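Contents: one structure, followed by commentary.
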Amino acid sequence: MLFAISWIMAGLSLFLAVWFVARPWALQSVAGPTPQRRMLAMAWPWLQVLGRACDPFIPAAMRQYLSKQIELAGLDPIWKCRHIVALQCLSAGLAWAMCAMVLYGFVQVPTGHALGLSMAMAIPCAWLPLQRVRERGRQRQAHILREFPFMLDMTVLCVEAGLNLQGALQQAALHGPDGPLRAELRHVLADVRAGVTREHALAQMAIRTDLPPVRAFVTVVEQAGRMGMNLAPLLRAQADQQRAERFLRAEKKAMEAPVKLLFPLVFCVFPGTFIIIAFPVVSRLLDAGF
């Protein structure tokens, strides 16, 4: 036991020594802002250094996939593909080191088995950062789908009141509910103020969100502007359609709820109920000598 404690303290001492020696060099490589979360901000210098080392080895297909996931998740512009890969490597390395330390130091597992089991535990930890990015992207898309009909209603009201489309979008971005859709509208308005055409800015929003309703909205705006059509009836019809689709999505989730409850019901609730019912009967049978 004392050997395990001394081994762990030696590892921690080595880690702290490397941290204090290499941290100034790592901080010099940081340029620009850092992530808002405290843990990521603390690890950002190491992600920068490790990301530069991993960047040449990222395949083009994986780079394209990661860029799309970062865009869908709405991460800060400072996040690049190499940072996600570096975070995966860092998570896997820390998990491997911690598991090896516990297995070899406390459980007294042989060295070969400890390294193999630690590697098996490191693989899921390497997958977690990418899974977190994908989950954030799915949540962001779901949030946009919930807010989109209300944004269309606000846009229709502003257009019918006499505002042009840019003014209507500005009112929706100013008075709409806080969330990713409002951030996307502000992004579009900022692009327009920077000199980008309105159609191109909306098309970029459709690419960033990757949602069929947003693409349909952009298509309607482009066709109305090209053909000189009245935009308000088209947007009102699309708003009605999006409200109906939102209701259908809610019905679908309500119908899926009983199916999702089957697993905990069969494997958790029923066994617990049977144990509670059978325990007095079994205890009396055992007391009776059966």
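No lab work stands behind these numbers, since they all come straight from the coordinates. The shown structure was predicted, so the numbers you read here are calculated from the model rather than taken from an experiment. Note that each Cβ is placed from the backbone with ideal geometry, even for glycine, and that neighbours are counted across all protein chains shown.
The string of couplings for segment 258-270 from the Karplus curve (6.51, -1.76, 1.60, θ = phi - 60°) is x, 5, 5, 7, 5, 4, x, 5, 6, 9, 10, 6, 4 Hz, one whole number per residue in order, with x for Gly and Pro. Calculate how steeply helix 60-73 sits against the longest principal axis of the alpha-carbon atoms of the chain, using the helix alpha-carbon long axis, and give the answer as 0 to 90 degrees to the nearest 10. Tilt relative to the chain: about 70 degrees. When the chain is treated as a GNM with alpha-carbon contacts under 10 Å, the residue of V266, V133, V49 showing the greatest mean-square fluctuation is V266. Computed from point charges on the beta carbon alone (+1 for Lys and Arg, -1 for Asp and Glu), the dipole magnitude for the chain about its Cα centre is near 280 Debye. Residue-wise HN-Hα couplings along segment 110-116, as the Karplus relation 6.51 cos²θ - 1.76 cosθ + 1.60 with θ = phi - 60° gives them from phi, are x, 4, x, 5, 5, 5, x Hz; Gly and Pro carry x. In order along segment 277-286, phi translates into HN-Hα couplings of 6, 7, 4, x, 5, 5, 5, 5, 5, 5 Hz, rounded to whole numbers, per the Karplus curve 6.51 cos²θ - 1.76 cosθ + 1.60 with θ = phi - 60° and x for Gly and Pro. Helix 165-175 and the longest principal axis of the Cα set of the chain meet at an angle near 40°.
As a test of the formula, what do you get for the chain when each DSSP H run with n ≥ 4 contributes -39,500 (n - 2.57) and the sum is divided by the residue count, at 222 nm and rounded to the nearest 500 deg cm²/dmol? It would help to have the intermediate numbers written out before the result.
On the way: 11 runs with 239 residues, N = 290.
That calculation yields -28500 deg cm²/dmol at 222 nm.
Rounded to the nearest 10 degrees, the inclination of helix 2-28 to the longest alpha-carbon principal axis of the chain is 30 degrees.
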